[in-house]
1. Apply the membrane-span-like helix rule to the chain: whole DSSP H runs, Cα extent along the own long axis of at least 15 Å, mean Kyte-Doolittle hydropathy at least -1.0. List the helices found.
2. Could you calculate, for the stretch 1-154, the ratio of the Cα radius of gyration to the Kirkwood radius, expressed as Rg to Rh?
3. With each pseudo-label sitting 7 Å past Cα toward Cβ, what's the D29-D160 distance in nm, one decimal?
4. Restricting attention to the stretch 97-205, which GluC sites (Glu not before Pro) occupy a DSSP loop and are surrounded by at most 12 other Cβ atoms within 10 Å?
5. Give the span of the stretch 5-87's Cα atoms along each principal axis, as three whole-Å numbers ordered largest to smallest.
6. Ignoring any ligand, DNA or RNA, what whole percent of the accessible area of the chain comes from carbon and sulfur when the probe is 1.4 angstrom?
7. Using only Cα positions of the stretch 104-211, each an equal point scatterer, no hydration layer, compute I(q)/I(0) via Debye at q = 0.15, 0.24 Å⁻¹ and quote the log10 values to two decimals.
8. With the other protein chains left in place, how much accessible area per residue, in square angstrom, belongs to the stretch 1-50 at a 1.4 angstrom probe?
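The values are calculated or read from the model by the stated rules, or taken from the named source; none is laboratory data. Worth saying up front: this structure is predicted, and the values here are computed from it rather than measured. Every residue, glycine as well, gets a Cβ built from its backbone with ideal geometry; the counts of neighbours run over all protein chains shown. The area values use the complete protein model at the heavy-atom level, side chains included, leaving out ligands, DNA and RNA. Shrake-Rupley method; radii C 1.70, N 1.55, O 1.52, S 1.80 Å.
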Amino acid sequence: MQYMMKIREKTSLLHSAAEHSGYIKRLVDGNASVEGYAEYILNLKAMYQAIEEGLEKNKENEVVSQFVTPELYRSELMEKDLEFLLKEKKDEIQVLASTKACVARIGEISENHPELLPAYAYTRFLADLFGGRTFNALLGLKYNITEEGLNYYKFENLGDIRTYVMAYHNKLASISLSEEGKEVFLDEISNAYIYNLAISNELEAKLHPTN
């Protein structure tokens with residue numbers, strides 16, 4: 001698990017920043033709106049689609065093949081939530097510039113460096129596994145969102161979550177990359193966190209501008 005520890009050490013500050021700044025902080029603090037939350041999900045959905053399509057496109061790749069996990073795909077479930085939460089307003093919202101940049105980067109590595117795709121899968125998918133129950137409860141309690149609008153956080157057929165996450169970590173720890181490749185992979189995980197931070201902060205600036 002030495003490489004997994006290295007991943008955690010290098011990204012710990014970015015991980016903390018992603019959890020405690022921008023629109024995510026507002027959401028957790030209970031100061032957001034349902035429509036604002038839905039706009040956040042709309043942007044995440046674009047990222048998820050890019051990740052999922054990249055993984056499926058490159059599922060024969062030796063590195064990627066271990067991380068093709070349809071049970072963790074969220075985009076179709078997020079679409080259900082968006083239809084419930086936004087209804088006809090869904091088509092009126094444009095994705096953010098930072099989201100477009102993130103999707104473009106995922107598309108680029110999908111074409112040219114598919115072995116880096118799991119960096120994005122890991123950053124998003126495991127964040128959802130760890131935070132899913134918390135956000136499901138938070139959104140129901142503080143924002144009165146019913147189960148019809150919380151499909152995003154429903155994980156089925158995973159068995160014991162802790163065991164599943166440990167198995168995922170083991171895949172990362174033993175990823176089939178050279179030492180140089182592992183360093184590049186580490187940098188791409190940082191990029192994934194930075195894109196997530198950018199989306200959260202850009203949405204905060206859009207919905208709650210400061211004078």
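1. Values: long enough: 2-19 (24 Å, -0.56); 34-57 (34 Å, -0.21); 75-86 (16 Å, 0.10); 97-112 (22 Å, -0.03); 117-143 (35 Å, 0.39); 161-173 (18 Å, -0.03); 179-207 (43 Å, -0.22).
Taking the DSSP H segments of the chain (at least 15 Å long, mean hydropathy at least -1.0), we get 2-19, 34-57, 75-86, 97-112, 117-143, 161-173, 179-207.
2. On the way: Rg = 16.0 Å, Rh = 16.5 Å.
Using only Cα positions, Rg/Rh for the stretch 1-154 is 0.97.
3. 3.9
4. Working: sites: E108, E111, E115, E147, E148, E156, E179, E180, E183, E188, E202, E204; in loops: E156.
Those that pass, being in a loop and sparsely packed, are E156.
5. Principal axes ranked by extent give 44, 37, 16 Å for the Cα atoms.
6. Working: 5430 of 10660 Å².
Here it works out to 51 percent.
7. Taking Cα atoms of the stretch 104-211 as identical point scatterers yields -0.86, -1.30.
8. On the way: 2370 Å² over 50 residues.
For the stretch 1-50, the solvent-accessible area averages 47 Å² per residue.
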